[in-house]
Amino acid sequence: MVQDEILDDELDDLEPTASDAAQLYEHFRVVVDKGQEMVRVDKYLFDRIQNASRNRIQKAADAGFVLANGKPVKCSYKVKPLDVITLSMDRPPYENDIVPEDIPLDVAYEDDDVIVVNKPAGLVVHPGHGNWHGTLVNAIAWHLKDNPRYDANDPHVGLVHRIDKDTSGLLVVAKTPEAKTCLGNQFLLKTTRRRYRALVWGNVEQDEGTIVANIGRDPRDRMLMTVLPEGEGRHAVTHYRVLERLGYVTLVECILETGRTHQIRVHMKHIGHTLFNDLRYGGHEILRGTRFAKYKQFVNNCFDICPRQALHAMTLGFKHPVTGEEMDFTTPIPPDMAALIDKWRGYISNRDLE
């Protein structure tokens, strides 16, 4: 299993685990309408269970988990009016299946194997504690709801990597198991190309550099990641390059060699340049500058313009999992972060703020 970049999602409810389960749990139940024409049960269920592929319904039927009037039936069974059709499994249903939700999706590229999406800041990537709905994964499930090959609850397809809720930018999604395996290996072998734009506190003196520092959970606050001593945490490498110095902040490009949780945020803080307005890591405080009230008001206005960490996944490159073609995508810095950068440009040309 690819570490960190491939997500460990739970298996879909339609994945048969035993053919002779001692106890079955009802996952789906429907009474067929009086006017229903006779149709194969796998097609009938596929039309009604939005987050399931026909192939996985067929596997469930083969394992004896599709029942008509309490008796197991095969895929070829023709449903009749007033039949009671159930899909039962040998374990209780999950409480939080991924369901399709009609959420706007900015698709940068799509073919039969992959989708590249441009995620806006504020959108959670994957359902989890406190965010079971309204995520990018729910949006993708809706976008692909008519694709019989894509099952949002199948861990063998879907997200290959992720970015933080309040980070904007590009992500690649695999439509097939083969695509996910291939892309996952590329992330593992560090052959993908990922470049970020970040506005950080302070004047980054070196024009470019490389940060090599292990990252793991902060033992004092498990909600935070931190740099840990050698032998602890996980190896992490970030390359950076100064793009523009803007007084008390610097616009940098960060290139990920590894993909650890909060890697850029933690690494830049480690070298003394916390991301601007990064609430979790202290960037929402005024970390550089003067004590004048006018400057304080200026920075607070900047916080309002871009009310999240100033980090954007600007470019993404990988080898297409089927054709082998090298593919590279770029998305512009979003309006909130662009306005923030412009405001700091105005500051350095108007020093009377001080």
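The values are calculated or read from the model by the stated rules, or taken from the named source; none is laboratory data. From a predicted model like this one, the values you see are computed outputs, not experimental measurements. Note: ideal-geometry Cβ built from the backbone for every residue, glycine included; neighbour counts use all protein chains shown. Only protein heavy atoms, including side chains, enter the accessible area calculation; ligands, DNA and RNA are left aside. Shrake-Rupley method; radii C 1.70, N 1.55, O 1.52, S 1.80 Å.
For the chain, the longest principal axis of the alpha carbon atoms and the long axis of helix 177-188 meet at an angle near 20°. Packing order of peptides 296-307, 267-278, 223-234, highest average first: 267-278, 296-307, 223-234 (average count of other Cβ atoms within 10 Å over each peptide's residues). Measure nothing but the geometry: give the 0 to 90° angle between the long axis through the Cα atoms of 335-348 and the longest principal axis through the Cα atoms of the chain, rounded to 10°. Approximately 0 degrees, to the nearest 10.
Report in % the part of the accessible area of the chain that belongs to carbon and sulfur, leaving out ligands and nucleic acids; probe 1.4 Å. Reported share for carbon and sulfur atoms: 49 percent. Dipole size of segment 178-267 about its Cα centre, with +1 on Lys/Arg Cβ and -1 on Asp/Glu Cβ: approximately 360 debye, rounded to the nearest 20. Can you compute the FRET efficiency between Met38 and Gln206 using 1/(1 + (r/R0)^6), with r the Cβ-Cβ distance and R0 = 56 Å? Round to the nearest 0.05. With a Förster radius of 56 Å, E is 0.15.
Extension gain for the segment Asn214 to Arg234, taken as residue separation times 0.36 nm less the Cα-Cα distance, is 6.7 nm to one decimal. Coupling constants for segment 227-234 follow from the phi torsions by the Karplus curve (6.51 cos²θ - 1.76 cosθ + 1.60, θ = phi - 60°), and in residue order they are 6, 10, x, 4, x, 10, x, 10 Hz; glycine and proline get x. Our coupling estimate for segment 299-307, obtained by passing each phi through the Karplus curve with A = 6.51, B = -1.76, C = 1.60 and θ = phi - 60°, is 5, 4, 5, 5, 4, 5, 5, 10, x Hz, Gly and Pro reported as x.
Farthest toward the positive end of the dipole of the chain, out of Gln309, Pro148, Gly169, is the Cα of Gln309, where the dipole comes from beta carbon charges about the Cα centre. Taking packing as the residue-averaged number of other Cβ atoms within 10 angstrom, the listed peptides 97-108, 158-169 run from highest to lowest as 158-169, 97-108. Amide H to amide H, which residues 5 or more places from Leu228 or on other chains are under 5 Å from it, using H placed in the peptide plane? HN-HN under 5 Å from Leu228: Asn214, Ile215, Gly216. Computed over protein heavy atoms with a 1.4 Å probe, the accessible surface of segment 205-292 works out to 52 Å² per residue.
On the principal axes of its alpha carbon atoms, segment 201-354 extends 55, 41, 27 Å, with the longest extent given first.
When the alpha-carbon atoms of segment 211-263 are used, the pair Rg, Dmax equals 13.2, 37 angstrom. Can you list residues whose amide H is under 5 Å from Ile271's amide H, if they're 5+ apart or on another chain and H is modeled 1.01 Å from N? Under 5 Å from the amide H of Ile271 lies no amide H from a residue far enough along the sequence or on another chain. Which pairs break 21 Å Cα to Cα here: Lys43/Lys78; Lys119/Lys180; Lys145/Lys190? The answer is Lys145/Lys190. The label-point distance for Lys145 and Glu101, in a model that sets each label 7 Å from Cα toward Cβ, rounds to 1.3 nm.
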